[in-house]
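Working notes, structure below.
The values are calculated or read from the model by the stated rules, or taken from the named source; none is laboratory data. These numbers were taken from a predicted model, which means no experiment stands behind them. Cβ placement follows ideal geometry from the backbone for every residue including glycine, while neighbour counts extend to all protein chains displayed. Areas reflect the complete protein model, heavy atoms only, side chains present, ligands, DNA and RNA absent. Shrake-Rupley method; radii C 1.70, N 1.55, O 1.52, S 1.80 Å.
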Amino acid sequence: LTAFVVSRLLEDHCPSYVDPTFTARMEERLDKIASDETNSDEGRTAYLNEYYAGSDGLAATVKRIEHSVEVDSARRAVLPALETKKGIRDEDKENDVALFVGPWGAYVQSISRAEDKSRSASLPPDLACDVGRITPRALRSVLSTKLGGGLMLGSHPEDGRPIRLLTGRYGTYLKWGEEGDPETTTHSLPREKSSIQAFQIEDIARGVFDASEKDAGGRHSVLTLEEAVGYVSLPRVCGYMNDTTPILAGLGPYGPYLKVNSTYVSLDKKDGDVLSVDEGTSLKLILEAKSKPRSSRRGAKLGEKNGKDVTVKKGRFGPYVTWNKINVGLPQDLAAEPENVTLEEAWALLEPKIACGGPKMKAGRGNKSTEQDASLPPAPKKPRNAYLHFAAEVRPTLLSGGGGKMSIGEVSKALSLLWAGTNEEEQIKYKELADQEKLDYQEKYTKWEASCQEILVQTRKNPGNNPKPKQRRGSEAKKKDTSLPPAPKKP
């Protein structure tokens, strides 16, 4: 989406730079200068002045864009599905909804009330990654779902509190309870459920979409009330071990899992669903995990390359191989059975990434370099942006007004709302502070970098004068350290 925004900005305000013949003309001019067909110094100066200076130069163009182009106009994404030969579709104009790309991702906003930040909603990631499905209908549904408080799936049979389906920045999730109720909770969904399309939610709410419709795998395309009740009730007891210890099934940041005491086991799709896995399957998976040594559960070692272990592990996004802190996900044909991956197959996957900027390969473990042993000064602290300067000034007042009882999350949310409510004139003060701090940081960093280089040069010249002595351990330290009196004899 960012590419569409940048391309449109260049086409509207810098047409010469996106002209297909621009590169050809540039290469032709540079070739003439390089071959001395023109006066070398004069030719270079004339070309640079033509490119950067003047009313049509790059510097003037950038300054003109900064002062003349509105922020909302620059952030707006005009996609093929939202555009006709005449411009934006009439259907989109009537609903006054458009797509924008901001610092924290894509979002939908009402054009008629752009100043009202509450009339905007994050674009779900499953829509953001497929430009062809971003239509006016989809954008309206995302916004209407946010403003309407989500899709009402029904009431929980135990306490009667409502369960709603909402779309957020990271996908679809469930909300159990009313807004403002301290007992209201939000609950994540499995990956296959969290990618429910936003326009499906609108269709169900309007009674157009059939909630019983199933996908190619025979599963419901959308969430039913029965499933929603199950997800908000997780973790659940799916069986018992030794007839006394409960086996829990739940959803975590890395997907479905089984737990008994302190043992966790990932629940794969082939083993069952977190809502329906039975006692027999869960007990079998737990016993298999307990029978494996702890090291094999952390990862299976395939062998060594250049003195470092090559290991295959299971991660949040599937199995992967790792070497010297370099990770590469397994392709689909190998991910099905990661335990059968060979050292050669793993190394073939790792080599391209190592060659593209991984740590330098070493012939063996060897000794640490003098650069690692050298005692270097700490790097200067990175500069804060305008928002962080604003937060540092407002946070004490916010905390004192809240009686000191606000949580970190509540403070962060309040600061974000206050910052969003400031205008450009109010933000100038903090932007100036940020710019000045950035200049100070660059000056300090240059001095720090020069100081480090000087220390490293001296360390290479005099490796024996290393200021960081090696620590001795055990009996060796006792033999060489004669300044201490002997310890009393043990009774």
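When restricted to residues that are in contact with a helix residue (DSSP H, G or I) (Cβ under 9 Å, 6 or more places away or on another chain) and either surrounded by fewer than 18 Cβ atoms within 10 Å (Cβ to Cβ) or in a strand (DSSP E or B) (or both), the stretch 228-247 contains 6.
Scanning the stretch 375-384 for residues that are open to solvent by 50 Å² or more (accessible area, probe 1.4 Å) and either modelled with pLDDT under 85 or over 22 Å from the mean Cα position of the chain (by Cα) (or both) turns up Ser375, Leu376, Pro378, Ala379, Lys381. Exactly one residue out of Arg133, Arg161, Arg140, Arg169 is at pLDDT 75 or above, under 27 Å from the mean Cα position of the chain (by Cα) and open to solvent by 30 Å² or more (accessible area, probe 1.4 Å), and it is Arg140. Here Asp72 fulfils each of the conditions (1) free of Cβ contacts under 8 Å to residues at least 24 places away in the same chain; (2) within 30 Å of Ala3 (Cβ to Cβ); (3) surrounded by 11 or more Cβ atoms within 10 Å (Cβ to Cβ) apart from (1).
Return yes when Gly43 is at pLDDT 80 or above and open to solvent by less than 20 Å² (accessible area, probe 1.4 Å) and no when it is not. The answer is no for Gly43. Look at the stretch 330-354: where a residue is among the aliphatic types (A, V, I, L, M) and a partner is assigned to a helix (DSSP H, G or I), sitting 6+ places away or on another chain with Cβ atoms under 7 Å, you get Leu330/Pro338; Leu334/Glu345; Val341/Leu334. Evaluating Ile455 against the criteria (1) in a helix (DSSP H, G or I); (2) surrounded by 12 or more Cβ atoms within 10 Å (Cβ to Cβ); (3) free of Cβ contacts under 8 Å to residues at least 60 places away in the same chain leaves one unmet condition, (3).
Name the single residue, out of those in the stretch 424-452 being among the polar types (S, T, N, Q) and farther than 23 Å from Pro396 by Cβ, that is least open to solvent (accessible area, probe 1.4 Å). Only one residue tops the list, namely Ser451.
Number of residues in the stretch 385-423 that are open to solvent by less than 60 Å² (accessible area, probe 1.4 Å), closer than 22 Å to Arg119 by Cα and assigned to a loop (DSSP other than H, G, I, E, B): the value is 1.
Every listed requirement among (1) of a type outside the set (S, T, N, Q); (2) assigned to a helix (DSSP H, G or I); (3) loosely packed, with under 15 Cβ neighbours inside 10 Å; (4) at pLDDT 85 or above is met by Pro352 save one, (4).
Only a single criterion out of (1) modelled with pLDDT of 90 or more; (2) more than 23 Å from Val232 (Cβ to Cβ) is not satisfied by Leu258, namely (2). Residues in the stretch 458-467 that are surrounded by 12 or more Cβ atoms within 10 Å (Cβ to Cβ) and at pLDDT below 55: Asn466 only. Please go through the stretch 48-67 and give me each residue that is of a type in the set (Ser, Thr, Tyr) and either part of a loop (DSSP other than H, G, I, E, B) or modelled with pLDDT under 80 (or both), ordered by number. Answer for the stretch 48-67, where residues must be of a type in the set (Ser, Thr, Tyr) and either part of a loop (DSSP other than H, G, I, E, B) or modelled with pLDDT under 80 (or both): just Ser55.
Looking at the stretch 297-340, the strands (runs of 3 or more DSSP E) lying wholly inside it that each contain 1 or more residues that are within 21 Å of the chain's Cα centre (by Cα) sit at 308-315, 318-323, 326-329.
For the stretch 1-40, the set of residues classified as of a type in the set (Gly, Ala, Ser), at pLDDT 80 or above and surrounded by 11 or more Cβ atoms within 10 Å (Cβ to Cβ) consists of Ser7 only. Scoring Glu371 on the criteria (1) at pLDDT below 55; (2) assigned to a loop (DSSP other than H, G, I, E, B) leaves a single failure, condition (2).
In the stretch 421-441, the residues that are within 11 Å of Arg384 (Cβ to Cβ) form Cβ pairs under 9 Å with partners that are assigned to a helix (DSSP H, G or I) and open to solvent by 50 Å² or more (accessible area, probe 1.4 Å), at six or more places apart or across chains, as follows: Tyr430/Tyr387; Tyr430/Leu388; Tyr430/Glu393; Ala434/Tyr387; Ala434/Leu388. Taken together, the residues in the stretch 143-158 that are more than 13 Å from Lys175 (Cβ to Cβ) and open to solvent by less than 40 Å² (accessible area, probe 1.4 Å) amount to 1. Only residues that are farther than 20 Å from Leu267 by Cα and loosely packed, with under 13 Cβ neighbours inside 10 Å were counted in the stretch 304-326, giving 3. For the stretch 284-295, the criterion of being of a type in the set (Val, Ile, Thr), open to solvent by less than 50 Å² (accessible area, probe 1.4 Å), touching a Gly at 6+ places or on another chain (Cβ under 7 Å) and modelled with pLDDT of 85 or more is satisfied by no residue at all. Is it fair to say Ile88 is under 37 Å from the mean Cα position of the chain (by Cα), under 28 Å from Glu424 (Cβ atoms), at pLDDT below 75 and open to solvent by less than 50 Å² (accessible area, probe 1.4 Å)? Judged against the criteria, Ile88 is a match.
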